[in-house]
Amino acid sequence: MSYYKINNLEQYFKHYNKSIREPRKFWGKIAEENFVWYQAWDKVVDFNMGEADVKWFVNAKVNITKNCIDRHLAKRGEKTAIIFEPNDPNEETLHISYNDLYSRVAKMANVLREQGIKKGDRVCIYLPMIPELAVAILACARIGAIHSVIFAGFSASAVTSRINDCECKMVITSDGGFRGNKTVDLKGIIDEALEKCPTVEKVLVVKRTHTAVSMKEGRDYWLQPLLYDAIPNNVAEIMDAEDPLFILYTSGSTGKPKGMLHTTAGYMVQTAYTFKNIFNHEDNDVFWCTADIGWITGHSYILYGPLLNGATTVLFEGIPSYPDFGRFWEVIDKHQVTQFYTAPTAIRSLAKESDEWVDKYDLTSLKVIGSVGEPINEEAWHWYNDHVGKKKCPIVDTWWQTETGSIMISPVPFVTPTKPTYATLPLPGIQPVLMDELRNEIEGNQVVGSLCIKFPWPSMARTIWGDHQRYKDTYFSAFPGKYFTGDGALRDEVGYYRITGRVDDVVIVSGHNLGTAPIEDAINEHPAVAESAIVGFPHDIKGNALYGFIILKEIGEYRDRDNLTKEINEHVSSHIGPIAKLDKIQFVSGLPKTRSGKIMRRILRKIAEGDFSNFGDTSTLLNPEIVDEIKDNKI
Ligand code: 7RM
């Protein structure tokens, strides 16, 4: 009996039950049958949740790139591994075969070694979505260097703090990056960042935009000439299962980002397994995840998950609105994409545009469409289902985190019946529980609580780089013995999970605990409202009161703002209760968002409190300019 593929609902339950009763046998069998190892493990898992100490596949030896590339060469050498779709639709698409990927990675790995990078060294990768980004990541993994990819939209100060936190020895960047009709001066940002990074010895620079950049003698080297001279073969480093694979920074509730550390074997096993099942991957598929590789979604589902399965994965350099709002759909049509994986924020922004953009392309190649990053609201779900999936493609609403490494709760398409706005059921191996305020597990269905995971899973982060105490405090102390996700969830009558949002987004108004998410949902139902964010601010009598930041749709009849404020509050009052009425409503043209579409409530909270000092690094936002607008118009 193999557990790698779930074919029907009965099998899902069978695998799930096995994974709970005998997790070691379950994961051991998957690991044994689907990967190549230099040496097997002594123990499948060893853990102490209280100490936040987890090890998978203890003492096994492996190299993830042998599994991503080498083992496919005999059967699939000429198969396309990566389709590179450039920002400019008139620039030629590049099809990189597995053979080609092998030699590119081998050359890059040899260059890294020649430039003094050894196993365990940290390499910062600050590149646009170009093939060299994928190749650089895999080359690090090849030689055992720890990659730390920084999203190439982050500012110099964000780059400086991330490089210094993990003491990178090298930076790989490019002269610039294309983004729609703009170019971004990546090398200039790196030069500024490196003024305060004493550990960086070398900078390798990819030529992409051909803009003039300054090259520092003895530090900066053009990458292409080095690659040209490199040998296209490389012996992979033998890695321990628990050797670090990468660090990826994620924002915390305080300003300092957390360097989540992922290790080798567990991450490999579970990203491969989840990719296979959640996207129902078959051999001739073309998989497209629109995230940036700078986020965990890109790490796990543009690169590692697909390549581990010998899939064809699309690497898209551009943005959804360039040259027009049809770009995503044009790319699906052009490459006959079979699985499309994107974020609700992208869906909503494209749903706002004319349906003609999506209707004019042939999307019949699609089999499965996915969503990730935040709760998908009912309206967006239906638009996605009707216009993109044409009611024929199951929507996989995938819940997971940078910390979890791979998808945790999601429908398995063609197996789990979907339900709008529900991430549905845990994948085999995942044991979610809902907890109440008294730290008791809530049993049964039709309940809400804080979402925890009560047993370790292979791809979980092992620590925060350099700060294990913070890792323990953040994830393993609120509910002893369990991993606390920070999210709230409800479990419906059949056991399906719906993630309702961060539980830290709770405000206590006159002694009542009010989750901001349901209030936002109610407000968003008002026909004039496009989007809203609610935060608390101190109030003399109530303790806290609610402050709403609201984006309006372009609807003429709702021009009277005072009236609208009243109407919105009446709406809240009738949907949730008078206690949830907002004390202040500010109409805004946008909300501060992270690049993956998450509202930065930390900033809104500060504005609502009237504290305009130290917003943290706002340059990491999608729309940093909005902060001043909101601040200037504060009520
Ligand atoms: C993959 C990713 C993690 C946080 C997580 C949630 C939210 C992600 C969903 C979701 C509802 C989903 N990693 N989140 N997916 N909420 N439904 N399907 O996004 O580290 O950047 O964010 O994102 O709050 O805790 S992340």
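For the set Lys553/Lys606; Lys61/Lys107; Lys542/Lys634; Lys29/Lys276; Lys542/Lys584, the pairs lying more than 18 angstrom apart at their alpha carbons are Lys553/Lys606; Lys61/Lys107; Lys542/Lys634. Our coupling estimate for segment 610-624, obtained by passing each phi through the Karplus curve with A = 6.51, B = -1.76, C = 1.60 and θ = phi - 60°, is x, 9, 9, 8, 6, 7, x, 7, 7, 5, 7, 6, 5, 9, x Hz, Gly and Pro reported as x. Taking label points 7 Å from Cα along the Cα-to-Cβ direction, Glu201 and Ser574 give a separation of 7.0 nm.
Counting other Cβ atoms within 10 Å of each Cβ, which GluC sites (Glu not before Pro) in segment 519-598 have at most 15 and sit in a DSSP loop? In loop regions of segment 519-598 (DSSP not H, G, I, E or B), the sparsely surrounded GluC sites (Glu not before Pro) are Glu525, Glu554. Once you order the gyration tensor axes a ≥ b ≥ c over the Cα atoms, which shape class does segment 228-322 get: rounded for a/c under 1.5, otherwise prolate or oblate by comparing a/b with b/c? Rounded. Exposure proxy shown here: for Met268, Met49, Met170, Met408, the number of other Cβ atoms within 10 Å sets the order, fewest to most, as Met49, Met170, Met408, Met268. If you take the Cα centroid of segment 327-389 and the Cα centroid of segment 14-83, the two points sit 32 Å apart. Just in segment 182-248: which GluC sites (Glu not before Pro) are loop by DSSP and have at most 16 other Cβ atoms within 10 Å? Hits after loop and neighbour filter: Glu195, Glu201, Glu217. With the helix formula -39500 (n - 2.57) applied to DSSP H stretches of n ≥ 4, the chain reaches a computed 222 nm mean residue ellipticity of -8500 deg cm²/dmol.
Of all DSSP beta bridges confined to the chain, the antiparallel ones make up roughly 60%. Note that segment 326-343 has calculated 3J(HN,Hα) couplings of x, 4, 4, 6, 5, 5, 4, 4, 4, 9, 6, 5, 9, 10, 10, 10, 9, 10 Hz, one per residue in order, obtained from phi through the Karplus relation 6.51 cos²θ - 1.76 cosθ + 1.60 (θ = phi - 60°); glycine and proline are x. Evaluating 6.51 cos²θ - 1.76 cosθ + 1.60 at θ = phi - 60° for every residue in segment 346-356, the Karplus couplings come out as 5, 4, 5, 5, 7, 5, 5, 7, 4, 5, 4 Hz, glycine and proline recorded as x.
This ranking places Leu94, Leu366 by how few other beta-carbon atoms lie within 10 Å of each, fewest first, which gives Leu94, Leu366. Quick one: grab the alpha carbon gyration tensor of segment 489-635, order the square roots of its eigenvalues as a ≥ b ≥ c, and give me rounded if a/c is under 1.5, else prolate or oblate depending on whether a/b is larger than b/c. Since a/c stays below 1.5, the shape of segment 489-635 is classed as rounded. In loop segments of segment 557-635 as defined by DSSP, the trypsin sites (Lys or Arg not before Pro) with at most 16 further C-beta atoms inside 10 Å of their C-beta are Arg559, Lys634. Bridgeable lysines around Lys360 (alpha carbons under 18 Å apart, same-chain partners fewer than 8 residues away excluded): Lys334, Lys352, Lys390, Lys391, Lys392.
Here, each number is a calculation from the coordinates, and none is a lab measurement. Since we're looking at a predicted model, the values are computed, not measured. Every residue, glycine among them, receives a Cβ derived from its backbone with ideal geometry; neighbour counts consider all protein chains shown.
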